[in-house]
Amino acid sequence: MKYALLIYAPNPGEAGEAQPGEGVIDSWLDYTVALRESGALLAAEQLNQPETATSVCLRDGKRLLTDGPFMETKEHLGGFYLIDVPDLDTALDWAAKMPILRYGTVEVRPVMEGQGWQAGLKQESSRR
């Protein structure tokens with residue numbers, strides 16, 4: 001099954017929030033290599049800071065844009081890993097090893113597969 005490991009962390013420099021500490025980059029590299037070598041890693045990306053976001057909504061047929069994140073929260077989505085593992089327990093084990101847990105949170109969410117809209121993804125990739 002595929003799972004998204006969604007990485008949430010406080011904004012850097014927020015007052016009173018724990019910070020990553022020394023050696024965190026090496027920890028992330030080690031974690032990513034271990035996940036890749038296990039064969040479970042499908043994709044991973046780090047997102048830019050929340051203030052670089054633009055939220056989009058449609059109201060009365062008009063596109064409305066809002067700078068920054070849509071909701072005011074203490075933690076923001078900072079990135080994700082997409083993994084393919086046998087079950088939820090394995091996904092939770094990988095989440096528990098993530099360095100972000102020193103100061104943030106990981107949300108583990110199953111990916112819905114076999115949805116009708118996904119056929120468009122397969123058609124697009126076959127055109128390339």
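Side notes on the structure shown:
- Among the criteria (1) of a type in the set (A, V, I, L, M); (2) modelled with pLDDT of 95 or more; (3) under 14 Å from Lys2 (Cβ atoms); (4) not in a helix (DSSP H, G or I), the one Leu35 does not fulfil is (4).
- Some residue of the stretch 90-113 being at pLDDT below 75 and not aromatic (Phe, Trp, Tyr): no
- Tally, over the stretch 89-107, of residues that are of a type in the set (Ser, Thr, Tyr) and assigned to a strand (DSSP E or B): 1
- Of all residues in the stretch 66-81, at least one satisfies being at pLDDT 75 or above, surrounded by 10 or more Cβ atoms within 10 Å (Cβ to Cβ) and assigned to a loop (DSSP other than H, G, I, E, B).
- Within the stretch 21-32, considering residues that are in a helix (DSSP H, G or I), in contact with a helix residue (DSSP H, G or I) (Cβ under 8 Å, 6 or more places away or on another chain) and at pLDDT below 95, the one farthest from Ala95 (Cα to Cα): Val24
- Condition met for Thr105 (free of Cβ contacts under 8 Å to residues at least 24 places away in the same chain and surrounded by fewer than 16 Cβ atoms within 10 Å (Cβ to Cβ)): no
- Meets criteria (outside any strand (DSSP E or B), modelled with pLDDT of 85 or more, farther than 18 Å from Leu101 by Cβ and not acidic (Asp, Glu)) for Pro86: yes
The values are calculated or read from the model by the stated rules, or taken from the named source; none is laboratory data. None of the values given here were measured: they were computed from a predicted structure. Here Cβ is always computed from backbone atoms with ideal geometry, including for glycine, and neighbour counts include all displayed protein chains.
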